[in-house]
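Bear in mind that the values in this text are calculations on the coordinates, not laboratory data. Keep in mind the model is a prediction, meaning the values are calculated, not measured. Here the Cβ positions follow ideal geometry from the backbone for every residue, glycine too, while neighbour counts run over all protein chains shown.
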Amino acid sequence: MHIRSILLLLFPWSVFISQVQLAKAQVRIPLSAADSVKIIEHKQHLRSAALRVLVPSVVLGVGILAHSPVYSYTLCQAKQDMQLRTRQFFPKFDARGLDDYTRHAPLAAAYAMLATGHKGTRTAAGFTIIYLLAHELDGTVVSNMKRITASARPDNARDLTSFPSSHTSQAFLTATLLHEQYGRQYPWLSVSGYAVAAATGTMRVLGNKHWATDVLAGAAVGFLSAETVWHIYPALTKLLPQRLAQKMLLIPTYVAGGGAGLAMAIQP
């Protein structure tokens, strides 16, 4: 069951890598200096895209191995030693619920930019759809991993929902969407978003709510969920008939205790 679940989790990333390899294989021998420059830039873009998938995937793999001594005694022991030392240096740390809010801060920043007229890579409706889809993907992956691994939290051995950290995954999901939406125009926003996401994960460890590997895995899941939906969104929009897409209005909704959703209206 564990192997099947891990393969299912890694499947979207393997598909993304295969698309990168396919695009790279389609590059032809340059016919001019201009073509050569374009091809070099194209290869650099593909290399960057591959690294953005490979690095968090490796981090996620390390987290999976470290969650149980059955998989890796060395990594599991290392995470326990790290947690012990952290508690020795920060024995009374209490975030006082701040991490419940910082995980949403990058998303709030993105909507603040949209509300003040700053155009991003996607429209407001497109960004909202991407966030909701990525949030759903992230939540599904995290909840299933928690159920399958049943890893005890460092502060409560009876709570078997430690791996991975959902707070951290949500923080890195929103930080990555903020980066994709505004990072090229406003690099400081990307730095701020990821700094807040990293602070969220750090507070989860200092507060003894999660092991360090829970946080690393959560960051990887959140990042990959955001990147996956962000890059497949253009293909998803093509599935809608053009006339329907022009007449359709999507409105984000939120019900306390019920979660987020979309209300759809179609102009006749």
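Taking G193 and the conditions (1) of a type outside the set (A, V, I, L, M); (2) in a loop (DSSP other than H, G, I, E, B); (3) under 22 Å from V229 (Cα atoms), which numbered condition does it fall short on, given that it satisfies the others?
For G193, the exception is condition (2).
Taking the range 73-116, which residues are loosely packed, with under 11 Cβ neighbours inside 10 Å, charged (D, E, K, R) and under 15 Å from P154 (Cβ atoms)?
D81, R85
Would you mind stating whether A217 is in contact with a helix residue (DSSP H, G or I) (Cβ under 7 Å, 6 or more places away or on another chain), assigned to a helix (DSSP H, G or I) and either surrounded by fewer than 18 Cβ atoms within 10 Å (Cβ to Cβ) or aliphatic (A, V, I, L, M) (or both)?
Details: in contact with a helix residue (DSSP H, G or I) (Cβ under 7 Å, 6 or more places away or on another chain): yes; assigned to a helix (DSSP H, G or I): yes; either surrounded by fewer than 18 Cβ atoms within 10 Å (Cβ to Cβ) or aliphatic (A, V, I, L, M) (or both): yes.
Answer is yes for this residue.
Show the residue pairs meeting these rules: Cβ distance below 6 Å; 6+ apart or different chains; first residue within the range 141-170 and surrounded by 14 or more Cβ atoms within 10 Å (Cβ to Cβ); second residue in a loop (DSSP other than H, G, I, E, B) and aromatic (F, W, Y).
T149/F163; S151/F163; P154/W211
Give me the pairs, please: first residue somewhere in the range 110-124 and within 18 Å of V191 (Cα to Cα), second residue anywhere and of a type in the set (A, V, I, L, M), beta-carbon distance under 7 Å, and either six or more positions apart or on two chains.
A110/L177; A110/L178; G120/M113; G120/L114
Would you check which residues across the range 117-140 are surrounded by 13 or more Cβ atoms within 10 Å (Cβ to Cβ), hydroxyl-bearing (S, T, Y) and not in a loop (DSSP other than H, G, I, E, B) and list them? Before you say what the answer is, go through the steps one by one.
If we filter the range 117-140 for residues that are surrounded by 13 or more Cβ atoms within 10 Å (Cβ to Cβ), which is where we start, we get 118, 120-122, 124-139.
Next, only the ones that are hydroxyl-bearing (S, T, Y) stay: 121, 128, 131.
T128, Y131 - these are the residues of the range 117-140 that are surrounded by 13 or more Cβ atoms within 10 Å (Cβ to Cβ), hydroxyl-bearing (S, T, Y) and not in a loop (DSSP other than H, G, I, E, B).
If a residue has to be in contact (Cβ under 8 Å) with a residue 40 or more places away in the chain and farther than 29 Å from P234 by Cα to count, how many in the range 171-203 make the cut?
3
Of V70, V58, which residue is hydrophobic (A, V, I, L, M, F, W, C), surrounded by fewer than 16 Cβ atoms within 10 Å (Cβ to Cβ) and assigned to a helix (DSSP H, G or I)?
Exactly one of V70, V58 is hydrophobic (A, V, I, L, M, F, W, C), surrounded by fewer than 16 Cβ atoms within 10 Å (Cβ to Cβ) and assigned to a helix (DSSP H, G or I), namely V58.
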